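Here's the structure we're looking at; comments come further down.
What follows is calculated from the coordinates using simple rules that are stated; it is not laboratory data. Being a predicted model, the structure only gives us computed values, none of them experimental. Every residue, glycine among them, receives a Cβ derived from its backbone with ideal geometry; neighbour counts consider all protein chains shown.
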Amino acid sequence: MNEMEAQKLIKHMDGELETFSQAYEEGRWLKNQGLLSASDQFDLEVRRTNILLNKEIQDIVNEFLNTAENPVFRRVLLVLDRLIKDARVESNPSVYKLRSKIEQAIVNYPITIAGRKASRTDIRQILRTEKDIELRQEAFHCFDKLSELVEKDVKELVHRRNHIAQEMGYAHFGDLGLMLQGLSRTQLNEWFGSIIQKTDSTYQSFLSESAERLHQSNLYPQDLLFAVTQFKSLPDEYFTTTKLTKSIQWLADRIKLTEALARVRIDFVDIPFQGICVTIHVPDDIRILINPSNGQSYYSTFFHEIGHAMHSSFITQPYHLFRDEPGPFCEGMAETMARFVDDPEWLLNSANLPEEIAKQNKSIWRTSTVVHMRTLISQAEFEWRMYAEPEADFLNVFQTIKADYLKMPSDATLAWADNSYWTSYPFYVQNYVVAEMIASQTHLALRKFLGHTITAESGAWLAQNYWNSGGSIEWSEKILRSTGAILSPDELILELTKGYPPE
Ligand SMILES: [Zn+2]
C-alpha cells in the first residue's frame with residue numbers, strides 16, 4: 001500500500017469515528033444523568049473497539065507512523081496511535097468488564113449519614129460547612145465500606161492494566177498512561193516537587209492557624225475542606241446561583257465570546273458531581289450539565305465547564321482525530337477560563353464585591369489553591385505508586401503519602417479504593433495540577449501581550465493560539481509558541497507565594 005491509499009483509508013476511518021463519537025457523547029450525556037443502561041454502554045464500547053482496534057488500521061499506523069512524508073498525515077497517525085494504545089488497555093474485555101463492575105458498585109452504593117439516606121452532594125456539603133465534628137467525621141468515613149467492597153477489584157484492575165502495558169513494552173501502565181497524554185513521570189516529579197517545596201510555609205501556617213481557630217491541637221483530614229471553606233473563601237452571598245448565567249455573560253461580552261457562549265446548552269440538574277461538558281457535535285451541539293449550588297468554588301466549576309465548551313467549539317480542523325486533545329491541555333483550557341473568577345476586575349465589576357473584600361481574595365486564593373494542589377499531588381503520587389508497586393499494601397502507601405504531603409495524622413484514613421478516578425479515569429488527576437500551571441502561564445501571557453486579562457482581544461487570542469488548531473499541534477508546543485516559554489510551574493509558584501494576580 002502506498003501513502004495515498006493509506007491516507008484514504010485513514011480518512012474513511014476518521015469519518016466513522018466522527019459518526020460514532022456523536023453516539024458515544026450522547027451516551028455519555030445520558031450516562032452522567034443515570035439514564036444509560038449497562039448494555040447500551042457495553043454496545044458503545046464494542047463499537048469503539050471495532051473502529052480503533054481494526055487490524056488494517058493498526059497495520060497502517062505501524063507502517064507509516066515514522067515514514068509518512070505528508071506532515072499532517074504523520075500527525076494524524078501519531079494521534080491515532082495514542083488512541084489505539086489507550087484502547088488496547090481500556091477496551092480489553094478483561095479491563096473493561098472489571099472497570100464496569102467497580103463503576104456499578106460505586107454508583108449504586110447506598111450512602112447514609114446520621115441514619116439517613118444521603119447524596120454525594122450532601123456529603124460534600126457536610127465536609128465543607130458542618131460545625132459538628134462528629135458529623136463531619138462520619139461524613140469523612142462514609143465511603144470506608146465502599147472502599148473495602150471494591151478494593152480487591154481495584155487492585156486486580158491495576159494488575160490487568162499493568163500486564164497489558166508490559167506486553168506492549170512499558171515498565172508498567174503508569175508509564176504508558178502518562179506518555180499517551182504527553183507527560184512523563186520525571187517531568188511531573190520535578191514540577192510537583194518544586195510546587196510542594198515552595199508552598200511549604202504557606203501550607204504549614206494554614207494548618208496551624210486553622211487548628212488554633214478550631215481549638216484543636218491538630219488538623220485532621222476530615223477538617224481540611226471545612227477549614228478551607230470557613231477560613232479561606234469569599235462569602236457565598238456574592239456568588240448566588242441566580243447570578244451565575246449573568247456572570248459568565250458579563251465575561252463573554254468583554255472578551256468577545258458572546259456568540260459562542262450562546263450556542264452552548266446549559267442544563268441545571270442534580271447529578272452526583274459538580275459539572276460536566278459533553279461535546280456531541282462541534283460547534284453546534286455542546287452541552288453542559290451543572291449541579292447548582294452557591295459560592296465562588298461553584299462559579300469556578302461552572303466557568304471551568306464553559307472553558308471546555310469554548311475549547312471544543314473553536315476547533316476548526318477537518319480531521320475528527322484533531323477535534324479532541326489530551327487531558328492536561330483540555331483541563332488547562334478549562335482552568336484558564338475558571339481563573340477569571342479570581343480576577344480582581346471580574347470580582348469588582350461582575351460579582352460586585354466591595355473593594356476590601358475583593359482584596360482579601362489574593363490570600364484566599366493562594367491558600368485554598370495550595371491546599372487543593374497538595375491534595376491532588378498526593379493523589380497523583382499514590383496512583384503512580386499503585387502501578388509501580390502493585391504488590392504493596394495500598395492502604396499503607398496511601399496513609400504514608402497523605403502524612404507526607406498533607407502533614408496531618410492520616411491513620412484515620414481508611415478509604416483508598418472508592419475514588420472513581422482510579423477506575424474510570426486512570427492517570428488523570430495530575431492533569432488538574434498541570435492545568436493550573438497552564439492557566440497561570442496563560443494569564444501571564446494575556447497580561448504581557450494584551451495589557452490585561454479581560455480585553456476585547458482575549459477571546460480571539462485564546463482561539464487563535466490554543467483552540468483553533470485542536471490536536472493538529474502537540475499541546476506543549478502550542479504553549480511554548482503562544483506564551484513564549486516552555487510550560488513550567490514558575491508562574492503558578494509565584495502566584496502561590498504572592499497571591500493572584502502576583503503584581
Ligand atoms: Zn474539566
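Once a ≥ b ≥ c are taken as the square roots of the eigenvalues of the Cα gyration tensor of region 347-475, is the result rounded (a/c under 1.5), prolate (a/b larger than b/c) or oblate (a/b not larger than b/c)?
Cα axes put region 347-475 in the oblate bin.
So, with +1 on the Cβ of K and R and -1 on the Cβ of D and E, and no other charges, what is the size of the charge dipole of the chain about its Cα centre, to the nearest 20 debye?
Once rounded to the nearest 20, the dipole reads 460 debye.
Could you point to the residue in ALA388, ALA338, ILE377 farthest towards the positive end of region 307-422's charge dipole, with +1 and -1 charges on the Cβ of Lys/Arg and Asp/Glu respectively?
Farthest towards the positive end: ALA338.
Quick one: check the C-alpha center-to-center distance for region 123-167 versus region 319-333, whole angstrom.
So the separation of the two Cα centres works out to 29 Å.
What shape does region 158-259 have by the C-alpha gyration tensor, where a ≥ b ≥ c are the square roots of the eigenvalues, rounded means a/c under 1.5, and otherwise prolate means a/b greater than b/c and oblate the rest?
oblate
Charges on Cβ only, +1 for Lys and Arg, -1 for Asp and Glu, centred on the Cα centroid of the chain; of PRO489, LEU36, GLN216, which one is farthest towards the dipole's positive end?
GLN216
Farthest toward the dipole's positive end in the chain, which of ALA6, ASN431, THR129, given Cβ charges of +1 (Lys, Arg) and -1 (Asp, Glu) about the Cα centre?
It is THR129.
Karplus couplings for region 360-370 from phi (6.51 cos²θ - 1.76 cosθ + 1.60, θ = phi - 60°), rounded to Hz, Gly and Pro as x?
So the Karplus estimates, Gly and Pro as x, are 4, 4, 4, 7, 4, 4, 4, 5, 5, 6, 4 Hz.
Taking a ≥ b ≥ c as the square roots of the Cα gyration tensor eigenvalues, with a/c under 1.5 meaning rounded and otherwise prolate when a/b beats b/c, else oblate, which class fits the chain?
Since a/c reaches 1.5 but b/c is at least a/b, the shape of the chain is classed as oblate.
Show the residues, 5+ positions off or on another chain, whose built amide H is closer than 5 Å to the amide H of ILE266.
When sequence neighbours closer than 5 places are left aside, the close amide H contacts are ILE288.
Using the alpha-carbon centroid of each, what span in Å lies between region 252-305 and region 199-246?
One Cα centre to the other: 26 Å.
How much mean residue ellipticity at 222 nm does the chain get from its helices, if each DSSP H run of length 4 or more adds -39500 (n - 2.57) and you divide by all residues, to the nearest 500 deg cm²/dmol?
-20500 deg cm²/dmol
With θ taken as phi - 60° and the coefficients 6.51, -1.76 and 1.60, list the Karplus ³J(HN,Hα) couplings across region 129-136 in order, rounded to whole Hz; mark glycine and proline as x.
10, 6, 7, 5, 4, 5, 5, 5
What does the charge count around LEU496 come to, taking other residues whose C-beta lies under 12 Å from its C-beta (Lys +1, Arg +1, Asp -1, Glu -1)?
Net local charge, LEU496 excluded: 0.
Hey, what did region 364-488 get for relative contact order, percent, Cα under 8 Å, at least 6 apart?
Over region 364-488, the number comes to 20 percent.
Sort out for me the Cα centre separation of region 461-500 from region 50-110, rounded to whole Å.
The two parts, judged by their Cα centres, are 27 Å apart.
Rounding to the nearest 20 debye, state how big the charge dipole of region 3-91 is about its Cα centre with +1 on each Lys and Arg Cβ and -1 on each Asp and Glu Cβ.
220
Add +1 for every Lys or Arg and -1 for every Asp or Glu among the other residues with Cβ under 12 Å from the Cβ of CYS330, and state the total.
-4
Run the dipole for region 87-189 about the Cα centre, Lys and Arg Cβ at +1, Asp and Glu Cβ at -1, nothing else charged, and hand back the magnitude in debye, nearest 20.
220
Under a Cβ-Cβ cut-off of 10 Å, what is the net charge of the residues other than THR413 that fall near it, where Lys and Arg count +1 and Asp and Glu count -1?
-1
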